[in-house]
Structures are given as structure tokens and as C-alpha cells.
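To start, the structure itself, in C-alpha cells.
The values are calculated or read from the model by the stated rules, or taken from the named source; none is laboratory data. Being a predicted model, the structure only gives us computed values, none of them experimental. Reconstructed Cβ throughout: ideal geometry from the backbone, glycine too, with neighbour counts over all protein chains shown. Surface areas here come from the heavy atoms of the whole protein model, side chains and all, with no ligands, DNA or RNA. Shrake-Rupley method; radii C 1.70, N 1.55, O 1.52, S 1.80 Å.
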Amino acid sequence: MSAATLDALDSLESEAIHIFREVAGEFDRPVILFSGGKDSTLLVHLAAKAFAPAPVPFPLLHVDTGHNYPEVIDFRDRLAARMKLRLEVAHVQDWIDDGRLVERADGTRNPLQTQPLLDSIVEHRFDAVFGGGRRDEERARAKERIISLRDAFGRWDPRKQRPELWNLYNGRHAPGEHVRVFPISNWTELDVWRYIQREDIELPSIYYAHRREVFRRDGMWLAEGPWGGPRGAETLELKTVRYRTVGDGSCTGAVESTATTLDEVIAEVMASRLTERGATRADDRLSEAAMEDRKREGYF
């Protein structure tokens, strides 16, 4: 197929596959950061296309907060088994148990993922870490290059971003440094959903409307779980909801929705004026620079 006949999804797919192949040729120990969410599932699908008929040559790494939704963990394990991928899981609870981390008073473990991630990168000597970050999600992520250098402490410095002209990527790094790689940087949430529909990609069931007991906090519908809640005047209500993004249950909210099919989800996304993180992630509401501060510390 010539470039002139490529549609928007074909072009985005081609770019992502090119990035996967470039990294495979330049780095020794890449890994795909995998949460079981739609974006990381899309990464695995694109990686499979990039190297077919050979298997995906990278393992998966999941930093498990212990506060994930059971449907997502089940999906993660089934996908890894079906595709015969090695799955490395860094359990935040292990870091809490041995004193490397301390449980937060608010119950959220999302900020606690950074140290297990950095420790796992060092332990397994990963030199390139693929992630599903997209520029449309949040302003700090919009600053990120497709290949982003991290120093020996895993820290990100926006002033050291390298130019990426003509699809040429600079992966040079000193010993102890590594890069984060974002093959779907240029995709939007709508692109992701349209591609999922076109490719018939399976996702965790919580991305579609279902009945769940939730309570209202800070303008979001949160589910009851080990992270605490409801508390005070908060009360559980049975609602028809779905999740636009998945993560730590303490800070990932659901949206009221009746969208049970891909067509209905796509129509809903087209009508929304908020990104999925802006609408449903409490950790990004802490400050204007919440995400950028965490990225400087080594967060994805």
C-alpha cells in the first residue's frame, strides 16, 4: 500500500510499528510496561504486528499496586498466557512489607509505583521501556518525545529532550541510563478506540457499561475497595458506569454511561470535551504540574 492511500489509522499504525522495530534493532533489553488497560493492550497488539510471524521479542512488566480491579488482573494474565509472553510483576505490597515504601494516609498507591518501577528496571537491566502514553492525555505528556532519555536515577528532564526530525530517533544513553519509548504518542483517545474496533482487540470488561456500586468523591464515582471508602457522608449507589482508563482504584473514577458496544463508546468519546485522565484520574488533579512532578521523579 502506497503512502498516498494510507488512511489516518494506517499511518499511525505504520509509525508505531516502525518505532518498535527501530528500538528492537538498537537496544538490548526492551520491555513493554503493561497495565491491562486499553493503551498498553494496543501496544502489545502493535508489537505482535511488528514482528509477525515471530513472537513478540519483549517481556511485559506490570507494576501492580494491589488496588487494581479484578477484571483487569484477570485480563492481564489471560493475554500474557494466550500470547505466550513473559510477564514480570512488581508488587507494590512487597515494597511496603519490607519497609522500602510507606502506605499513604489517603490510601492511594498510585504515587507509590515509581520506586518499584525504577527498581525493576535496574534489576532486569531494561534499557528501553515502552509505554502507552499519548500527548493528548495531559500537558506534561505533550512535552515528551517518542524516545525520552531518563538519567541513572530514572528522572526526566524536559530540557534534555532530543529533536526527532524525519522519524529519526536518538537512543544513545550512558551506562545506567535508559529510555522510555512512546509508540502511540501521536494517537488520540478516539484513534485508539477506532483502531480497537477495526482490529477487533479484546479489552477488560470494565471499559464497557456495567452495573457497579460506587460512591461520589471529589466529583468522581469511585468503587469500594481495599483503598478505603465510602467514608463520612459518602454512600454507595448502584450505577451503570464504565471506565475510560484503568489504574489504582483509589484514584480512578468511573463515568456514568450506557455504552455497551464499541460504536456506542466511540460516539461517547467523540462527544466528550475532557480527556480520560482529566475526567477520571484524581491523581492528576492534585496540582497543575502533578504529572510533570511525578515524571521528574521517574514515574511513567
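Number of residues in the range 11-28 that are in contact with an Asp or Glu (Cβ under 8 Å, 6 or more places away or on another chain) and modelled with pLDDT of 95 or more: the value is 1.
Within the range 11-36, no residue satisfies the criterion of being open to solvent by 50 Å² or more (accessible area, probe 1.4 Å) and part of a strand (DSSP E or B).
Taking residue 286, is it modelled with pLDDT under 95, over 30 Å from residue 82 (Cβ atoms) and open to solvent by 50 Å² or more (accessible area, probe 1.4 Å)? Reasoning before the result, please.
Working: modelled with pLDDT under 95: yes; over 30 Å from residue 82 (Cβ atoms): yes; open to solvent by 50 Å² or more (accessible area, probe 1.4 Å): yes.
When the stated conditions are applied, residue 286 passes them.
If I filter the range 257-276 down to residues being hydrophobic (A, V, I, L, M, F, W, C) and more than 16 Å from residue 208 (Cβ to Cβ), which single residue comes out as surrounded by the fewest Cβ atoms within 10 Å (Cβ to Cβ)? Checked the range 257-276; the qualifying residue surrounded by the fewest Cβ atoms within 10 Å (Cβ to Cβ) is 271. Number of residues in the range 230-253 that are touching a residue at least 40 places away in the same chain (Cβ under 8 Å) and open to solvent by 10 Å² or more (accessible area, probe 1.4 Å): the value is 5.
Any residue at all in the range 139-147 that's in contact with a strand residue (DSSP E or B) (Cβ under 9 Å, 6 or more places away or on another chain), at pLDDT below 80, under 21 Å from residue 118 (Cβ atoms) and not in a loop (DSSP other than H, G, I, E, B)? No, there is no match, as no residue in the range 139-147 is in contact with a strand residue (DSSP E or B) (Cβ under 9 Å, 6 or more places away or on another chain), at pLDDT below 80, under 21 Å from residue 118 (Cβ atoms) and not in a loop (DSSP other than H, G, I, E, B).
Of everything in the range 187-218, what is in a loop (DSSP other than H, G, I, E, B) and out of contact with any strand residue (DSSP E or B) (no Cβ under 9 Å at 6 or more places or on another chain)? Give them in sequence order.
To start, the set of residues in the range 187-218 that are in a loop (DSSP other than H, G, I, E, B) comprises 187-188, 200-204, 208-209, 218.
Once the filter is applied, which keeps residues that are in a loop (DSSP other than H, G, I, E, B) and out of contact with any strand residue (DSSP E or B) (no Cβ under 9 Å at 6 or more places or on another chain), the range 187-218 yields 187, 188, 200, 201, 202, 203, 204, 218.
Across the range 128-161, which residue is surrounded by the fewest Cβ atoms within 10 Å (Cβ to Cβ) among those that are charged (D, E, K, R) and within 16 Å of residue 23 (Cα to Cα)? Per the criteria, the residue is 145.
Of the residues 238, 274, 222, the single one that is outside any helix (DSSP H, G or I) and modelled with pLDDT of 95 or more is 238.
Residue-by-condition table, conditions (1) hydrophobic (A, V, I, L, M, F, W, C); (2) in contact with a Gly (Cβ under 9 Å, 6 or more places away or on another chain); (3) surrounded by 16 or more Cβ atoms within 10 Å (Cβ to Cβ); (4) in contact (Cβ under 8 Å) with a residue 12 or more places away in the chain:
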residue	(1), (2), (3), (4)
38	no, yes, yes, yes
54	yes, no, no, no
72	yes, yes, yes, yes
76	no, yes, yes, yes
82	no, no, no, no
102	yes, no, no, no
107	no, yes, yes, yes
110	no, yes, yes, yes
116	no, no, yes, yes
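The set of residues from the range 206-218 being out of contact with any Phe, Trp or Tyr (no Cβ under 8 Å at 6 or more places or on another chain) and either within 21 Å of residue 250 (Cβ to Cβ) or open to solvent by 30 Å² or more (accessible area, probe 1.4 Å) (or both) comprises 208, 210, 211, 212, 213, 216, 217, 218.
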